[in-house]
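Engineer: One structure coming up, written as structure tokens, with questions to follow.
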Amino acid sequence: MYLSILGLPLMGFIGAAGFGRFLGGRGAGVLTTSLLGLTFLFSCTVFYEVGICGSSCTLSVSPWFLSESWDATWGLLFDPLTGTMCVVVTSVSTLVHLYSTSYMGEDPHLPRFMSYLSLFTFFMLILITGDNFLQMFVGWEGVGLASYLLINFWYTRLQANKSAIKAMIMNRIGDFGLGLGIFALYTVFGSVNFESIFACAPHLSDEKILFFGMEFHAYTLIGLLLFVGATGKSAQIGLHTWLPDAMEGPTPVSALIHAATMVTAGVFLIARCSPLYEYAPDALGVIALAGGMTAFFAATTGLVQNDLKRVIAYSTCSQLGYMVFACGLSHYDLGVFHLANHAFFKALLFLGAGSVIHAMAGEQDMRRLGGLAQSLPFTSTMMLLGSLALVGFPFLSGFYSKDALLEVSYAHFTLSGDFTFILGCGAAFCTSYYSFRLVSLTFLGEPKGPKASYQGIHEAPFQMAIPLVVLGIGSLFSGFLGKELMVGLGTPFWQNAIVNLPTHNTGLEAEYIDQSIKHLPFVLTCIGGFLGLFINSPYLSPMVYKMKLTSLGKNLYTFLNRRWLFDKVYNDYIGQPALSFGYNVSFKSIDKGVLEILGPFGITQGVRNIVHEIHLLQSGLIYHYAFVMLLGLTFLLTLLSLENLLEVWVDPRLWSIFGLGFMSYFLAGEKAPDEEKSLN
């Protein structure tokens, strides 16, 4: 059963990719969805065994690399953290598969699309079930590959190509940091196995490591390098720019990336490495600050976005900031609990947005929508439910995790705790505003789009409605059912999967903070929701438009709408200089200059000419040969005597190569006229 959790999605990928032309779109959809549904049932059984019953399991599948002390094997680790992630990934993936069979039903390449979805799920399961960092890295790279294929699914669209390449490059930057972190782990522990590393973590907490010629605390450096990898995957500030652009892929892809796979990998990595991070408080402080800034930055950017899917994308970025700063405050259980709750209502929002786009013939600009509540009552209800869960409305799933995050950040009584609490409250206000702005512009008021887009409007068909209903139920009850189990005081659910030092646990203090602090997020949510509904109503829109035309309003709107100018800074100060260096220096000076002088038009041509003319030196007179030998010996002794002087500037071997290259280049140039004559 445990192996089937990995094998069934792989079989779905192979079946849809290899035999899709025989199965057809409908057959590929039935095959992949059925196998994912069975995987979900197995995941629920695993969750019951390893989470509820407390029977963690480790499987050794096969050897991989065996070299002296290096022993990397294919193994599976099923503990409560893995069990929780398996349920989240397989449940959302199954519903997305079912939804896609209808949403993408008219696409001629549906088998390829379904195979990519199954491949995405397979690599994510590889990532979360691996029992060592190397196997996790395979899944890590695999989800990056699958995301590239899915974002670029409509490969004839230029913007899809650009978005996929951007996602790949930004994630490669993060993956470089993760790779260095794994190298550092092997340097310190001599192993990449989770059990070995985490067992030795308390005993090597004072280790130092050299990096760029400087000595660092080993765990702090490792923690920061691993966080660089998490920053790329989980779209934290700095490497976040790929996430909104990933909306160019089909809507089911956005739901899968934002709810269950890809972006959750970074949070999972931090939670998995909690035994290391507990001994690296400086790294935890950096993580908390980065998470708080991401939550606030993304929430403010979402205030002025007009694309339906882009607003939800920035809400994902903001919610990931909540999860990350919870981990940075040593509340890894809260971060994973919010991840599980977020998966349901974020998938609900994206699939609901897909129903709107499907009904409106591809229109997703909120300024050209409106008045859809009467035409799409079911979809509007589901979107409202998802928005309420997102803002943390009482007794919905987001309420139980997001409010708990803010309470423990306030009770942390440190600079990072106060910083994240203030930014988290600001992000809660902005989240409520743009969520209800989305509801107001899309479903309320008068229709604002062209008549043609409203003529063929239709409610979501049965195959698209069923996933919305299931996700709506999850958005209603997942927080209530899981709170005491996962984050209740003294709960033994996580066992050894998540480690907390006693000095870092502030959950008890959070129970006794002032009631006004506990109610503050709800008050901000109500104010933000009220403003989001009424400022964007037809009665106040003209006034808001006039405010936007003022000098302050125009500058603020431009700053937020252009994403805090991150893309401009990257393009102007990193992208353009890199392209200029690549053409003017790397291509013109090195490839077409030095390398050609040393290569095809230098040494190669010169040696050929020298060999061709070598017969002129064969005079047959012995004193000529003696003179050449004496000359060579003198030249060699001269070089040896000048070795110390030449080494001050450059390796003497390079002088010899360059001298031979330029001499050959000139010999080739002298030969060229004779060759031209022969050609003529």
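Engineer: Within region 477-515, how many residues turn out to be modelled with pLDDT of 85 or more and aliphatic (A, V, I, L, M)?
Structural biologist: 7
Engineer: Quick one: which residue in Lys166, Lys162 is under 13 Å from the mean Cα position of the chain (by Cα) and basic (Lys, Arg)?
Structural biologist: Lys166
Engineer: Can we say Thr261 is modelled with pLDDT under 90, hydroxyl-bearing (Ser, Thr, Tyr) and under 30 Å from Ser196 (Cα atoms)?
Structural biologist: So Thr261 passes the test.
Engineer: In region 439-476, what count of residues is obtained for those that are more than 28 Å from Gly105 (Cα to Cα) and modelled with pLDDT of 90 or more?
Structural biologist: So the count comes out to 1.
Engineer: Could you name every one of the helices (runs of 4 or more DSSP H) located completely within region 227-307 that has at least 1 residues being among the acidic types (Asp, Glu) and touching a strand residue (DSSP E or B) at 6+ places or on another chain (Cβ under 9 Å)?
Structural biologist: Here the list reads 281-301.
Engineer: Which members of region 86-109 meet the condition of being touching a Phe, Trp or Tyr at 6+ places or on another chain (Cβ under 6 Å) and either assigned to a helix (DSSP H, G or I) or more than 30 Å from Ala28 (Cα to Cα) (or both)?
Structural biologist: Residues satisfying the conditions are Val87, Thr90, Ser91, Thr94.
Engineer: Now, a different point. Given the criterion closer than 21 Å to Phe522 by Cβ and either assigned to a helix (DSSP H, G or I) or not assigned by TED's automatic domain parsing to the domain that holds Leu303 (or both), identify the matching residue among Ser355, Ser380, Ser416, Ser401.
Structural biologist: Selected residue: Ser401, the only one of Ser355, Ser380, Ser416, Ser401 that is closer than 21 Å to Phe522 by Cβ and either assigned to a helix (DSSP H, G or I) or not assigned by TED's automatic domain parsing to the domain that holds Leu303 (or both).
Engineer: Tell me which residues, restricted to region 430-460, are among the aromatic types (Phe, Trp, Tyr) and either surrounded by 22 or more Cβ atoms within 10 Å (Cβ to Cβ) or in a loop (DSSP other than H, G, I, E, B) (or both).
Structural biologist: Matches in region 430-460: Tyr433, Tyr434, Phe436, Phe443.
Engineer: Mind telling me which of the residues Leu117, Leu77, Leu110, Leu95 ends up being more than 28 Å from Gly362 (Cα to Cα) and touching a residue at least 60 places away in the same chain (Cβ under 8 Å)?
Structural biologist: Being more than 28 Å from Gly362 (Cα to Cα) and touching a residue at least 60 places away in the same chain (Cβ under 8 Å) holds for just one of Leu117, Leu77, Leu110, Leu95, which is Leu77.
Engineer: Given Ser93, Ser102, Ser115, which one is surrounded by fewer than 22 Cβ atoms within 10 Å (Cβ to Cβ), closer than 26 Å to Ile357 by Cβ and not β-branched (Val, Ile, Thr)?
Structural biologist: None of the other options fit; the residue is Ser102.
Engineer: Within the group Val50, Val61, which residue is buried (at least 24 other Cβ atoms within 10 Å of the Cβ) and touching a strand residue (DSSP E or B) at 6+ places or on another chain (Cβ under 8 Å)?
Structural biologist: Result: Val50 is the single residue among Val50, Val61 that is buried (at least 24 other Cβ atoms within 10 Å of the Cβ) and touching a strand residue (DSSP E or B) at 6+ places or on another chain (Cβ under 8 Å).
Engineer: Go through (1) surrounded by fewer than 24 Cβ atoms within 10 Å (Cβ to Cβ); (2) touching a residue at least 40 places away in the same chain (Cβ under 8 Å); (3) under 24 Å from Leu127 (Cα atoms); (4) among the hydroxyl-bearing types (Ser, Thr, Tyr) and name the single condition Thr187 misses.
Structural biologist: The number of the failed condition is (2).
Engineer: Which one of these is in a helix (DSSP H, G or I), without any contact (Cβ under 8 Å) to a residue 12 or more places away in the chain and farther than 25 Å from Ile182 by Cα: Phe19, Phe13, Phe40?
Structural biologist: It is Phe19.
Engineer: Which pairs have Cβ atoms under 6 Å, sit 6 or more apart or on different chains, and link a residue in region 127-139 that is more than 9 Å from Phe78 (Cα to Cα) to one that is outside any helix (DSSP H, G or I) and modelled with pLDDT under 90?
Structural biologist: From residues that are more than 9 Å from Phe78 (Cα to Cα), the pairs are Asn132/Val192; Asn132/Asn193; Phe133/Val192; Leu134/Ala72; Leu134/Val192; Met136/Gly130.
Engineer: Consider Ala201 carefully, then state whether it is closer than 21 Å to Ala497 by Cα and not charged (D, E, K, R).
Structural biologist: Spelling it out, Ala201 is indeed closer than 21 Å to Ala497 by Cα and not charged (D, E, K, R).
Engineer: Still on this structure, please answer the following. State whether one or more residues within region 543-552 are assigned by TED's automatic domain parsing to the domain that holds Val391 and in contact (Cβ under 8 Å) with a residue 40 or more places away in the chain.
Structural biologist: no
Engineer: May I ask you to list the residues in region 346-404 that are without any contact (Cβ under 8 Å) to a residue 12 or more places away in the chain and at positive phi?
Structural biologist: Residue satisfying the conditions is Gly362 alone.
The values are calculated or read from the model by the stated rules, or taken from the named source; none is laboratory data. All values reported here derive from a predicted model rather than from experimental measurement. Heads up, the Cβs are rebuilt from the backbone with ideal geometry, glycines too, and the neighbour counts pull from every protein chain shown.
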